[in-house]
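No lab work stands behind these numbers, since they all come straight from the coordinates. Quantities reported herein were computed from a predicted structural model and do not represent experimental measurements. All Cβ positions, glycine included, derive from the backbone under ideal geometry; neighbour counts span all protein chains shown.
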Amino acid sequence: MMLARTMMRRVAAACKKGVRNGTPSTTRTINTQMDDSYPILISPSLVSLDLPDIWPTNSSPNEFRSTCRCSNEQTAAIIDGKSIAGEIMSRIACEVWRMKESIGRVPGLAVIMVGQRRDSQTYVRNKIKACEETGIKSSMTELHGNCKEDEVVNVLSRFNADPSIHGILLQLPLPQHLDEEKILDVMSLEKDVDGFHPLNIGNLAMRGRQPLFIPCTPKGCIELLMRSGVEIMGKKAVVIGRSNIVGLPTSLLLQRHHATVSIVHAFTKNPEQITCEADIVVTAAGVPNLVRGNWLKPGAVVIDVGTNPIEDPSCEFGYRLTGDVCYEEAVRVASAVTPVPGGVGPMTIAMLLSNTLDSAKRAYDFT
């Protein structure tokens, strides 16, 4: 022990001498002398670098000059997510019926909603309706927007322990006063049908690994591309937005499908120019009409995940949904585009039910 301490003191003294005196060198170096009170590494933690993505106000479509030009007529094929999702849900309903006939059990999905965000209410309402249509048992718990963390955790824990529940959906985002990461950590990995558990995301990121569940919206985007005959391998893809819910897992999933992926976010310089080089554009920024026609490469395929509520008293619930893409311009440039609503939204629900069915099959060892 004494010998080790002596060696450590000698090494420290030598290092200090080297810093103070310097050494002859033919290369140009940057001298960053620090006293002993500094930590070994001065790089900040990754979490401390996390800044909110606040997108700038939409610029005029004429401010960005590019080779992208809009024609006067619609050229894009419309990717009908509602129709494709309907086909998938019909097959899910058949499997649920087969499970019920064979073993007398059906998949169970629990939904937890905190607060009263309009878009979340729309999603949850559609998900509960889809469960009814496919024969999946659903259980709904609503909590006030100002509820405490322990209340959410207690509901989650109760569903974790319920063997009749095979999937738990915690509708995100949560109110800001709640620790989303801490709450998600409580969720059972085997019931994380939204695919947001760190182990599921980690396995999604690593080649050779398979997550138990792929996040529903990214999974739905890929399904839309494949069913529309869009080649992904080797193509340039741009994902606009980097949320844990959509942007991040979508970029990881596209990489697993061998696309060359760029991520555009609120701090990206010249996002229009980067996006205009993409063969595939997936946008999930949450900014109405952010992506204009001159952001797009002629012939690009556009998947619009944006579902932004816009006040409209003439609509049933007092608002309508619009996407991140200026649809009227995109259809004159792209080769294919998803509408909002009726594009990605129904696919997200179909993937949620598919994940829930898979979870129930795993729990009951049903094939």
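Annotations
- Cα gyration tensor shape of segment 83-128, rounded if a/c is under 1.5, else prolate or oblate by comparing a/b with b/c: oblate
- FRET efficiency, A161 to E277 (Cβ-Cβ, R0 56 Å, nearest 0.05): 0.65
- Rounded to two decimals, the Cα-based Rg/Rh of segment 215-345, with Kirkwood Rh, is 0.96.
- Rounded to the nearest 20 debye, dipole of segment 215-345 from Cβ charges on Lys, Arg, Asp, Glu: 460 debye
- Euclidean distance of C-alpha centroids, segment 92-131 and segment 311-367, integer Å: 15 Å
- Amide H contacts for S139 (H built 1.01 Å from N in the peptide plane; partners 5 or more residues away or on another chain; cut-off under 5 Å): L109, A110, V111.
- Segment 106-231 - Rg over Rh from alpha carbon coordinates, Kirkwood radius: 0.98
- Fewest-first ordering of S157, S251 by other beta carbons within 10 Å of each residue's beta carbon gives S157, S251.
- Extension gain (nm, one decimal) between E231 and E181, 0.36 nm per residue minus Cα-Cα: 14.5 nm
- Per-residue 3J(HN,Hα) values for segment 118-125, derived from phi via the Karplus relation 6.51 cos²θ - 1.76 cosθ + 1.60 with θ = phi - 60°, read 4, 5, 5, 4, 5, 4, 5, 4 Hz in sequence order (x marks Gly and Pro).
- When +1 charges are put on Lys and Arg Cβ atoms and -1 charges on Asp and Glu Cβ atoms, the dipole computed for segment 215-267 relative to its Cα centre reaches about 40 debye.
- Among K127, K82, the order by Cβ neighbours within 10 angstrom, fewest to most, reads K82, K127.
- Between I103 and K269, the contour length at 0.36 nm per residue exceeds the Cα-Cα span by 54.1 nm.
- Relative packing of peptides 133-141, 187-195, 172-180, 349-357 - highest average C-beta neighbours within 10 Å first: 349-357, 187-195, 133-141, 172-180
- Per-residue Cβ neighbour rank within 10 angstrom, fewest leading, M347, M113: M113, M347
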